Amino acid sequence: MKNNKLTDSLQLVIFGASGDLSQTKLIPSLYKLFKRGRLPEEFFLLGADHHFENRAEFLRNLSETVREILPETFETALWEKFAKKLNYLQIDFEDEAGYKELSRKLDKKEKSYRSSRQRIYYLATAPGFFPLITEKLDNFDLAGSDGADWPRLVIEKPFGYDLESAVEFNSKIYRVFPEDNIYRIDHYLGKEMIQNILTMRFANMIFEPIWNKNYIDNIQIISTEKQGIKSRGKYYDKSGALRDMIQSHLLQMLALIAMEPPENMATESILQEKIKLLKSLAETPLLNLEDNLVLGQYSKLERPEKYIPGYQEEDKIKPDSSTETFAAVKFNINNLRWRGVPIYLKTGKRLEKKNTKIFIQFKSDFHPSFLDNNEPEANLLIIKVQPREGVSLQFNAKKPGSQNEIVPVFMDFCHKAPRDLQSTPEAYEELLAALIRGDQSLFTHWKEVKNSWLFIDQLREFIDTREIKPEKYLPGSSGPESMTRLVARDHRQWWDDAALEEQEENL
Ligand code: BG6
């Protein structure tokens, strides 16, 4: 367990500082932390990359990007103060001279600091560089420390491509950094409503007693996107929706929803329960995948007013690629709490809208007097992750003015309501603050990653041995046709259905 205190000195090295992630998420989030006084007093950021030639060029680009990303928060005077803490080193990740220079710069700066070697290395590069950079850090004695807590290594997903590659990748990192000093980012864990799941579950008497197979009919975890793959073709074509979204974000959400109550709310206790859940998931054989798995790929949209390229036409995508941009899967968790409760996960790109929600549908067992034609709707708990954040509970009430007509109504708790919020840097702000505090609760442990890969590998094996091709769907649609059958077969529906959403949003 880390001490969770804000350190007095910190050197943050971001490898890949000129990339999209650094410029649009990491540095804007650091600026916001600075504004809120959440950065250590002695803070030094070193952007290490090959793209920009010098600090002036790096800062010029950065300030333009940050101004664009944070139109309401950006203040020129404050930015200039913050920028004094930003430095840049042009480095070729393979070249030893760069690491020598890095070491020299860090040591020099540290001489004026109260604490030494409190360093974080953030690898915001293509994952191919992770083992190389960690090895070089070790070679140049940059990874050693005086205290057990430092230095810290931060890595972005993907952690491998399957279990085998993840194990290999992890063992290379382990040669240099111990698990306790590795912070694996799953940015969904930084989202407000994801952090809220455990509070909702365990700080409310009304949920926990019914949070099991006796009362819950099914769970749906859905994360859809309007955007396509943008400029990430090279990565995405080797990944696809199962690896890109389900292996990480959707399984992390499921772990928090379905885990057993932890002994206490300390990082280790929560982690233990998440790992147990993911392990039981990985050990439950996936049945009837021919019916329970749907893969899709977006096709092109040709309209007189607009043209949207199909996935196979995107940059750096093979024209005959069978990578899935949509995946929906149904399965069970074979433990005492959840045995027999279907879990449905769904994610996809270029769909109708950006939407991440968790739906807990309760069983329908009403008083016999209500079981006539006007049968009430099931109770539904909706955890709204994005774009709007909040919680909604659907229950039944008598329609005002009617004699006995029943209508579903929603009780709505809303965090904030920027309807068009896309991916904001806020999740990163939380993650960076936790990283600086040394709080690992918002990061994923190797054992979680390993079990999540075991689950995905089962699905991939089924797909690869049967050579299953994804079904086409139109951009802006709700996905391939078979996804409706996946739930209709069980006499259920997807709860992110447009009509329901509209009804709820109009409240
Ligand atoms: C990333 C995936 O991890 O999450 C992307 O690699 C995806 O493909 C993104 O678009 C979604 O994040 P958010 O926060 O916008 O839902």
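The values are calculated or read from the model by the stated rules, or taken from the named source; none is laboratory data. These numbers come from a predicted model, not from an experiment. Quick reminder, even Gly has a Cβ in these numbers, built from the backbone with ideal geometry, and neighbours come from all protein chains shown.
Of Lys230, Lys234, Lys238, all but one fail to be within 11 Å of the ligand (Cβ to nearest atom) and among the basic types (Lys, Arg); the exception is Lys230. With respect to the conditions (1) in contact (Cβ under 8 Å) with a residue 12 or more places away in the chain; (2) outside any strand (DSSP E or B); (3) within 18 Å of Gly233 (Cβ to Cβ), Pro319 falls short on a single one, namely (1).
Taken over segment 35-73, residues that are over 21 Å from Gln90 (Cβ atoms) and surrounded by fewer than 17 Cβ atoms within 10 Å (Cβ to Cβ) amount to 9. In segment 486-507, of all residues being surrounded by 13 or more Cβ atoms within 10 Å (Cβ to Cβ) and modelled with pLDDT of 90 or more, the one that is nearest to Thr224 (Cα to Cα) corresponds to Asp496. The sole residue among Asn212, Asn288 that is away from the ligand (no atom under 16 Å from the Cβ), farther than 21 Å from Asp496 by Cα and in contact (Cβ under 8 Å) with a residue 60 or more places away in the chain is Asn212. If only residues of segment 257-274 that are of a type outside the set (D, E, K, R) and part of a helix (DSSP H, G or I) are counted, the one that is surrounded by the most Cβ atoms within 10 Å (Cβ to Cβ) is Ala258. Filtered by the rule that a residue be in a helix (DSSP H, G or I) and touching a strand residue (DSSP E or B) at 6+ places or on another chain (Cβ under 8 Å), segment 82-113 gives Gly98, Glu101, Leu102, Lys105, Leu106, Lys109, Glu110. Only residues that are in contact with a helix residue (DSSP H, G or I) (Cβ under 6 Å, 6 or more places away or on another chain) and of a type outside the set (Asp, Glu): list them for segment 176-199, please. Those that are in contact with a helix residue (DSSP H, G or I) (Cβ under 6 Å, 6 or more places away or on another chain) and of a type outside the set (Asp, Glu): Val176, Tyr183, His187, Tyr188, Leu189, Gly190, Lys191, Ile194, Ile197. Against the numbered list (1) outside any loop (DSSP other than H, G, I, E, B); (2) buried (at least 18 other Cβ atoms within 10 Å of the Cβ); (3) of a type outside the set (Asp, Glu); (4) more than 16 Å from the ligand (Cβ to nearest atom), Phe177 comes up short only at (1). Taken together, the residues in segment 18-34 that are closer than 20 Å to Ala77 by Cβ, surrounded by fewer than 23 Cβ atoms within 10 Å (Cβ to Cβ) and either hydrophobic (A, V, I, L, M, F, W, C) or over 21 Å from the mean Cα position of the chain (by Cα) (or both) amount to 2. With respect to Ile221, determine if the residue is in a strand (DSSP E or B) and within 16 Å of the ligand (Cβ to nearest atom). Yes.
Name the residue that is surrounded by the most Cβ atoms within 10 Å (Cβ to Cβ), counting only residues in segment 180-189 that are within 16 Å of the ligand (Cβ to nearest atom) and not acidic (Asp, Glu). Per the stated criteria, the residue is Ile185. Here the condition is being under 30 Å from Ala166 (Cα atoms) and surrounded by fewer than 16 Cβ atoms within 10 Å (Cβ to Cβ); of Arg350, Arg339, it holds for Arg339 alone.
When Leu277, Leu254, Leu295 are checked against the criterion of being in contact (Cβ under 8 Å) with a residue 60 or more places away in the chain, part of a helix (DSSP H, G or I) and surrounded by 18 or more Cβ atoms within 10 Å (Cβ to Cβ), Leu254 stands alone in meeting it.
Among the candidates Glu192, Glu268, the residue that is away from the ligand (no atom under 16 Å from the Cβ) and either touching a His at 6+ places or on another chain (Cβ under 7 Å) or under 23 Å from Glu448 (Cβ atoms) (or both) is uniquely Glu268.
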